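What follows is a set of notes on a single structure, which appears directly below.
Any read-out appearing in this document is the output of simple, stated calculations on the displayed coordinates, not a laboratory observation. None of the values given here were measured: they were computed from a predicted structure. Note that each Cβ is placed from the backbone with ideal geometry, even for glycine, and that neighbours are counted across all protein chains shown.
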Amino acid sequence: MSGGESALQLVLSGDPGLFAIVRLSLLVSLTAVLFAALIGVPVGALLALTRFRGREAVVVILNALMGLPPVVVGLAVFLLLSRSGPLGEWGLLFTPQAMVIAQTVLVAPIIAALTRQTIEDLWVEYQAELTAMDVGPLHRVFTLIWDARFSLVTALLAGFGRAAAEVGAIIIVGGNIDGFTRTMTTAIALETSKGDLPLAVGLGIVLIIIVIIINALAWGIRRTGERYAG
Amino acid sequence: MFNRRMLIAAVAAAAVLSGGPVLAQYKSIVVSSTTSTQDSGLFGHILPLFKQKTGIDVKVIAQGTGQALDTGRRGDADVVFVHAKSAEEKFLAEGQGVKRYPVMYNDFVLIGPKSDPAGVKGMKDITKALQMIKDKQAPFISRGDRSGTHLAELALWNKNAGIDIEKDKGPWYKSIGQGMGAALNTASASNAYVLSDRGTWISFKNKGDLAIAVEGDKLLFNQYGVMLVNPEKHPNVKKDLGQQFIDWLVSPEGQKAIANYKINGEQLFYPNADDHSA
Amino acid sequence: MRPPALDLPIMFIDVRITAGAVTILDGVTLTISPGMPTVLIGPNGAGKTTLLRAAMGLVPPSSGLVTWGGRESSDPKHRAIMFQRPAMLRRSAGGNVRYALAAAGMPRSKRHERATALLSEVGLTGLDHRPARRLSGGEQQRLALARALARDPGILFLDEPTASLDPAATKAIEDIVRAVSARGVKVVMCTHDLGQAKRLAGNVVLMHRGRLIENTPAAQFFATPRTEEARKFVAGELLV
C-alpha cells in the first residue's frame, strides 16, 4: 500500500489494493448478514408467534444481545476456533470464514430481535383475519414474513450497517493479514497506527459512502413498501 | 418463492464458506511476527519475492513478540519470527519450537521531542539518558505489550540503568499496551520520549515534532530470530512449507532481499544469518 | 339458490362465556335456522359480538354447548366472518381476495378469475391493483366482504358491517347482503342501527347484559314487542 498520495486520489484512481480491501469487507459483512438472516428471521418469527413459560425473559435477553460488544464476540469466537480450542480441528482461525462467523454471531440477535418486533406487531393486526380464514400455523408464518418483508429488509440493512462498521471482532479472529483478512475497518486501524493518515482517511471516506448508500437503500425500500402495501 | 430464494442464498453461502482459492495447488503458511517488522514495510517487500520463487503465500499475523510466541504455543501459526532472544530461547526450552535461526538485526533508537525536555539529545549513552529522563520526570511512552521492543525497553531500565521501573515509575511513564505505530503516535501527540526500532521509525509517516534523541549505543542492538513451531506438539503445522520459508530467509537470496529493503535510500535491517552467536 | 348449509341449524344450548371475572354470555339458548337474515341487536356490551364469534366457532363456550348441524365441532370451511374493523392485508385489493381464495383451497389457476368476479360483486371493479390499505373506509369494508364471500360460505357472519360508514356506503353494503341472502346464504349480523335491522332482518334477536331477551320474526318484533326491554329498545330508550 503506497503512502503519500492524497486520500481522494487513492479513492478515485481505483487503487487495486484499496479495491481488494473494499471487496473483502463487503463480502464478509454481506455473507454474515445472509447467515444471520437465515438464523434470525425464523427465530424471531417463532418467538413472535409462540407462547411459552419464560418467553418474556427470552425477549428481554434477545434485545440485550443486540448490544453485544464486538470485541467480546471476537474473543469468544477466537477461543473457539484457535487450534488449541474446541473447534481447532477446522483450522478456521485467521481466515475470512472466521470473520464471517464472528459477524454472524454479532448480527443474528439484531435481526432476530427486530424480526420478532415486526412480526409480533403485524400479528396483532392480522390475527383475527387469519384465524377467521382458517390459515394453518406454517402458512401464517410465511404470510407474516412476506407481508412484513419491507420492514424485515430494513432490519437486514441495520444488521449490515453494524457488521460493516465494526472492527473489534474481525481484527481478533481475522488477524488483519495483508491481502487476506484485511478489511476497511481493520486497515483503517492499522494505517492510523502506522501514521499513514491519507490512506486511512481514504478508506474512511469509502466506508462512509457505503454507509450512506445503505441508509439510502433502507429509505428507498421503506418508500417502496409504502407505495406497494399502503 | 421462498424456497427458490433460500436455495440460491444457501448455494452462494456455501460457495463463499468453502472459501479460499479452489486450486488444489494452493500453498500457504501462517507466520506470527511482530508489529515492528510489519509496520516497517519489510514484509511487503520480501514476501512477494518469496512467493514468486516458491509459490507459497505467507500470511502474517502481526502482534507483540509475547503474543506472537503465544500464538505459536497455541498452534495457530506455523512459523514465529520475532526479536527477543531470551523469550525465543524460553520458547525452545519449552519444546514449542524446533530450532532458532538468527536472521537480521537492526537497532533501537530513543525518539524524543525536538524541544528535548530531558536534555538528552545527541547523547551516545542510553543508560545515562534514561536516568536523566527519570530524574527530570520527562514524559515517556512505553509499549507495555510484551513485545520485543517492550522487553528491550524494560531490560534497559532494570538491568542497565539500575532503575526498578515498576516501582519507580510515575505519571510521566505511560504504558499503552499497543504496537510501535500507536506508541509513536501517542509520543508525537504528547511530546514524549519513546524507544522505537529504527525500521518502524524510518517508515513512520506521522513524525510531527519528534526526532532521534539517542542512537548508536551497543545496548540498543536488536536481533531478529525465526523458528518453526514444533510439529510434534502441533501436528497441523505445515513443516515443509514453513521450513522452506526459514531456509529462504537465511539463504543468500533472502538475506539480500532483506538488505535491499530501503526507505528514502536508508537500509532498515541488516542480515546476519551467518552470525551463529546472534 | 344453494341448498341450506350443512352447518345449520346452529344451536346454542345454555352457553356461558366468561373472561376472567366478567360474564359476557349468561346462559344463552338459541337456534339459528336457515332462511332470511338473523339480526342481533342490543346496547353496547350486550354480548352481540361474542355471540357472533361463538357462532362462527372462534370463541369456545366456558360452559354449555354450541353445535353446527348437530355436530359439536365443525370445520369452519363453510362459514365466513367479516369483522367490524377489518384488517387489510398489506397487498393489493385483488391480492387480498386471492389470498382468501387460496386459504379456502381454490387452486391457483382459478383464483384470478374468481377474484375479479368477487370484486365486481362488491362493486370494486378496477381496483384490483390498488393497495388495500389505501382504499376508503367503505371500500375496505366491501373488500372484507369480498374476502368473506371468497370462501363460498353457507353462513355469513357480519359484525356491525356499516358502523363507521356514510349512508351511500351503507346502502352499498346492504344491497350486497340482500343479494347474498337471496342466493341462499344464511346471513347472521350484529347492528346497533335499528333502521338497518328493520331493512334487513328476517328475525331479530335482542340481547341485553349477556342474556337473550327475544328471538322474534322481524315484523312482529317492531310492531308488537313482547318484552319490556324490547319495547324500550324499539322506542329508543336507553337499556341500562
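For chain B, what are Rg and Dmax over the alpha carbons, in angstrom?
21.3, 77
Under a GNM of chain B (C-alpha, springs under 10 Å), which listed residue has the highest mean-square fluctuation: B:Lys167, B:Lys238, B:Lys136?
Per the Cα network of chain B with a 10 Å cutoff, B:Lys167 tops the list.
Using the number of other C-beta atoms within 10 angstrom as an exposure proxy, rank C:His208, B:His45 with the fewest first. Present the calculation step by step, with values, prior to reporting the outcome.
Values: C:His208 21, B:His45 17.
Lowest count first: B:His45, C:His208.
Which of A:Met66, A:Gly44, A:Pro86 sits farthest toward the positive end of the charge dipole of the stretch A:1-115, with +1 on the Cβ of Lys and Arg and -1 on the Cβ of Asp and Glu?
Highest projection toward the positive end goes to A:Gly44.
Tell me the Rg and the Dmax, in Å, that the Cα atoms of the stretch A:23-181 produce.
Rg and Dmax of the stretch A:23-181, Cα atoms, are 17.7, 60 Å.
If I model a spin label as a point 7 Å beyond the Cα along the Cα-Cβ vector, how far apart are those points for C:Asp75 and C:Glu237 in nm?
If labels sit at C:Asp75 and C:Glu237, their model points lie 5.0 nm apart.
State, to one decimal in nm², a quarter of the convex hull surface area for the C-alpha atoms of chain C, i.e. the direction-averaged projected area.
Its Cα hull, projected and averaged over all orientations, spans 13.2 nm².
Provide the FRET efficiency to the nearest 0.05 for the B:Lys167-B:Gln137 pair, computing r from the beta carbons and using R0 = 22 Å.
With R0 = 22 Å, the Cβ-Cβ based efficiency is 0.90.
Using only atoms on other chains, find how many Cβ atoms lie within 10 Å of each Cβ of peptide B:73-83 and report the average.
3
Just subtract the alpha-carbon distance of A:Leu26 and A:Leu79 from 0.36 nm times their residue separation and send over the number in nm, one decimal. Before the final figure, lay out each step's value.
Values: separation 53, 0.36 × 53 = 19.08 nm, distance 2.50 nm.
Gain in length upon complete extension: 16.6 nm.
Each label point is 7 Å from the Cα along the Cα-to-Cβ direction; what then is the distance between the points at C:Thr116 and B:Lys159, in nm?
The two pseudo-label positions are separated by 9.3 nm.
With 31 Å as the limit, write out which pairs from B:Lys51/B:Lys218; B:Lys53/B:Lys90; B:Lys114/B:Lys167 have Cα-Cα distances beyond it, or answer none.
The answer is B:Lys51/B:Lys218; B:Lys53/B:Lys90.
Please work out the FRET efficiency for the pair B:Asn236 and A:Ile209, using the Cβ-Cβ distance as r and a Förster radius of 51 Å; give the result to the nearest 0.05.
That gives a FRET efficiency of 0.80.
Just counting partner chain Cβ atoms within 10 Å, what average do the residues of peptide A:144-152 show around their Cβ? If you can, show how the numbers build up before the last one.
On the way: counts 0, 1, 5, 5, 1, 1, 1, 1, 0.
What the average comes to for A:144-152 is 2.
Only counting other Cβ atoms within 10 Å, I'd like B:Tyr26, B:Tyr193, B:Tyr101, B:Tyr224 sorted with the fewest neighbours first.
Ordered from fewest to most neighbouring Cβ atoms within 10 Å, B:Tyr26, B:Tyr193, B:Tyr101, B:Tyr224 come out as B:Tyr26, B:Tyr101, B:Tyr193, B:Tyr224.
To the nearest whole number, what is the average tally of beta carbon atoms from other chains within 10 Å of the beta carbons of peptide A:93-101?
Per residue, the average neighbour count from other chains is 4.
Where a ≥ b ≥ c are the square roots of the eigenvalues of the C-alpha gyration tensor, would you call the stretch C:123-240 rounded, which needs a/c under 1.5, or, failing that, prolate if a/b is larger than b/c, or oblate? It would help to have the intermediate numbers written out before the result.
Values: a/c = 2.54, a/b = 1.94, b/c = 1.31.
Cα axes put the stretch C:123-240 in the prolate bin.
Just how many % of Cα pairs in the stretch B:159-234 lie over 19 Å apart, if you round to the nearest whole percent?
Percentage above 19 Å: 54.
Holding the Cα-Cα limit at 20 Å, pick out from B:Lys99/B:Lys238; B:Lys85/B:Lys239; A:Lys194/B:Lys169 the pairs that are longer than that.
B:Lys85/B:Lys239; A:Lys194/B:Lys169
Measuring from a point 7 Å past the Cα of A:Leu138 along Cα-to-C-beta, which residues in the stretch A:37-60 have an amide N at less than 16 Å?
It comes to A:42, A:46, nothing else.
For the stretch C:106-154 and the stretch C:47-89, what is the centre-to-centre distance using only Cα atoms, to the nearest Å?
22
Rank these for me by crowding, B:Lys262, B:Lys85, A:Lys194, going from fewest to most other beta carbons within 10 Å.
Ranked by crowding around the Cβ, least crowded first: B:Lys262, B:Lys85, A:Lys194.
Check cross-link reach from C:Lys48 to the lysines: straight Cα distance under 26 Å, and skip same-chain residues fewer than eight apart.
Straight-line reach from C:Lys48, under 26 Å: C:Lys77, C:Lys171, C:Lys186, C:Lys198, C:Lys232.
How many angstrom lie between the C-alpha centres of the stretch B:123-154 and the stretch C:210-240?
With the stretch B:123-154 and the stretch C:210-240 each reduced to a Cα centre, they are spaced 101 Å.
What whole-number distance in Å separates the alpha-carbon centres of the stretch B:24-79 and the stretch B:177-227?
Rounded to whole Å, the Cα centres lie 22 Å apart.
Read phi for every residue in the stretch C:122-137 and hand back ³J(HN,Hα) as whole Hz from Karplus 6.51 cos²θ - 1.76 cosθ + 1.60, θ = phi - 60°, with x for Gly and Pro.
9, x, 10, 4, x, 9, 3, 8, 5, x, 4, 6, 9, 7, 6, x
Which log10 I(q)/I(0) values, to two decimals, does the protein assembly as shown give at q = 0.07, 0.08 Å⁻¹ under the Debye formula with one point per Cα?
-0.67, -0.76
Separation between the A:Val58 and B:Lys99 pseudo-spin-labels, each 7 Å from Cα along Cα→Cβ, expressed in nm?
The modelled label-to-label distance comes out at 6.0 nm.
Shape verdict for the stretch B:107-220, please, from the Cα gyration tensor: rounded (a/c under 1.5), prolate (a/b greater than b/c) or oblate.
Rounded, because the longest to shortest axis ratio a/c is under 1.5.
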